[in-house]
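Heads up: the structure comes next, in structure tokens.
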Amino acid sequence: MTYLRNCWYMAAWSDEIEKGGMFARTILDEPVVLFRNNEGEINALLDRCPHRFAPFSKGKVDDGVISCGYHGLSFDGGGQCVHNPHGAVLKNMKVKSYPVIEAYRSIWIWMGDPEAADRDLLQDLGFLETAPDTAFSKGYLHGQANYQLYVDNILDLTHADFLHADTLGSGAWTRARAKVTETDDSVSVNRECPNEIPSPLQRSFRNLKEGERIDSWNNVDWHAPAIMVLHGGNVPVGALRDGSINTMTTLNTHIMTPETERTTHYFFATTRDFMTDDTDFNNGFAETRNRIFSTEDEPMIHAQQERMGDKDLWDLDPLLLRIDEGAVRVRRKLARMIEAENK
């Protein structure tokens, strides 16, 4: 499969790798080993020793150097061999290394031309860093489908009215007409739902009686290749969105990193501006969200992939509806970006 390569992909949550530890993950069909030195700085190498091709992740990390567990050759974070127990260290004893940075509680890897790696090209997700721990939660799913199917799922929130009817759905997203806008490097899908039926979770959060309504909204911003930020909220009907006690808003991020053509690393996180000091609420909120993703979204998208088999979406000539506008624009934009990069 062809991927966009000159961009930052999320490789892991920061706390997945301890000082002096290592972590193996396949990204864009390439086996990668991530490891920290004694100062906590992160490095990334191709997880394949150039000698007999054993994975470094079966070896060990010591003093910022990773050693193959098969024959003991050791390499630094730049991919240069620094110890050969069987003879001299030669200049050609190298392994591919990848630019990596750590930001927003996450580790990011550049899978393309190392000379093109630019920290400023990383999407700003500063709200993840500034959120208090009592109003922040995160998670990971090993998705059994192509990453673009997960992107499609987030860009069309009308699925919540059917797939998540007992938690997130009320029919409001289906009744609202989405407004889709586009820039050179982003696509946004905005839904406004005035005077609408609240979802079961919204009713619970606000302690609403049967028949009471709210004004709600949700905006999804997509950034290449597969980073999405969702800003949603609600207020009592007719109230101002002024950040007062009447306003309940959440910020969510959904980040999809391709593992292979048919598997995906799915990272997600949430913060909010209400009940921010309530640890029990935070834990319950995270548990509900994780259950929804793992028992509803993931099985459905996996089944979708199974029905599609190895065919691309466009090869199957999908019936396109108005609700697909955001996802279609994103797919076409990403395809143009990949084509331009390959040229």
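Regarding the range 313-323, can at least one residue be identified that is surrounded by 15 or more Cβ atoms within 10 Å (Cβ to Cβ), assigned to a helix (DSSP H, G or I) and under 20 Å from the mean Cα position of the chain (by Cα)?
No.
Among the numbered criteria (1) crowded, with 21+ Cβ neighbours inside 10 Å; (2) assigned to a loop (DSSP other than H, G, I, E, B); (3) not basic (Lys, Arg), which single criterion is violated by residue 274?
Failed condition: (1).
Within the range 219-270, can you find the residues that are among the small types (Gly, Ala, Ser) and under 10 Å from the mean Cα position of the chain (by Cα)?
The answer is 226, 269.
Could you pull out the residue among 219, 207 that is closer than 30 Å to residue 6 by Cα and assigned by TED's automatic domain parsing to the domain that holds residue 252?
219
Quick one: residue 156 ticks every box in (1) under 28 Å from residue 327 (Cα atoms); (2) touching a Phe, Trp or Tyr at 6+ places or on another chain (Cβ under 8 Å) bar one, so which box is it?
Result: residue 156 fails condition (2) only.
Looking at (1) farther than 30 Å from residue 283 by Cβ; (2) touching a Phe, Trp or Tyr at 6+ places or on another chain (Cβ under 9 Å); (3) touching a residue at least 60 places away in the same chain (Cβ under 8 Å); (4) surrounded by 15 or more Cβ atoms within 10 Å (Cβ to Cβ), which is the only condition residue 125 fails?
Residue 125 satisfies all of (1) farther than 30 Å from residue 283 by Cβ; (2) touching a Phe, Trp or Tyr at 6+ places or on another chain (Cβ under 9 Å); (3) touching a residue at least 60 places away in the same chain (Cβ under 8 Å); (4) surrounded by 15 or more Cβ atoms within 10 Å (Cβ to Cβ) except (1).
Would you check which residues across the range 37-50 are modelled with pLDDT of 95 or more and charged (D, E, K, R) and list them?
47, 48 - these are the residues of the range 37-50 that are modelled with pLDDT of 95 or more and charged (D, E, K, R).
Of the residues 204, 170, 199, which is among the polar types (S, T, N, Q), touching a Gly at 6+ places or on another chain (Cβ under 8 Å) and within 23 Å of residue 297 (Cα to Cα)?
Exactly one residue qualifies, and that residue is 199.
Output the number of the condition that residue 135 fails; it satisfies all remaining conditions of (1) in contact with a strand residue (DSSP E or B) (Cβ under 6 Å, 6 or more places away or on another chain); (2) more than 30 Å from residue 107 (Cβ to Cβ).
(2)
Search the range 145-170 for residues that are of a type in the set (Phe, Trp, Tyr) and pair each with any residue that is at pLDDT 95 or above when their beta-carbon atoms are under 6 Å apart and the residues are at least 6 apart or on different chains.
So the pair list comes out as 147/226; 147/256; 147/258; 147/264; 150/143; 150/256; 150/264; 150/266.
In the list 88, 12, 54, which residue meets the criterion of being part of a strand (DSSP E or B) and either among the aliphatic types (A, V, I, L, M) or in the same structural domain as residue 269 (by TED's automatic domain parsing) (or both)?
Among 88, 12, 54, only 12 is part of a strand (DSSP E or B) and either among the aliphatic types (A, V, I, L, M) or in the same structural domain as residue 269 (by TED's automatic domain parsing) (or both).
Could you list all residues from the range 202-218 that are surrounded by 15 or more Cβ atoms within 10 Å (Cβ to Cβ) and either within 22 Å of the chain's Cα centre (by Cα) or not aliphatic (A, V, I, L, M) (or both)?
202, 203, 205, 206, 213, 215, 216, 217, 218
Is the range 64-79 home to any residue that is modelled with pLDDT of 95 or more, touching a strand residue (DSSP E or B) at 6+ places or on another chain (Cβ under 6 Å) and surrounded by fewer than 14 Cβ atoms within 10 Å (Cβ to Cβ)?
There is at least one residue in the range 64-79 that is modelled with pLDDT of 95 or more, touching a strand residue (DSSP E or B) at 6+ places or on another chain (Cβ under 6 Å) and surrounded by fewer than 14 Cβ atoms within 10 Å (Cβ to Cβ).
Residues that are touching a helix residue (DSSP H, G or I) at 6+ places or on another chain (Cβ under 8 Å) and modelled with pLDDT of 95 or more: which helices (runs of 4 or more DSSP H) entirely in the range 94-213 hold 2 or more of them?
Qualifying helices (runs of 4 or more DSSP H): 147-155, 160-163, 172-175.
The values are calculated or read from the model by the stated rules, or taken from the named source; none is laboratory data. Just so you know, these numbers come straight off a predicted model, no measurement behind them. Ideal geometry is used to build each Cβ from the backbone, glycine not excepted, and the neighbour counts take in all protein chains shown.
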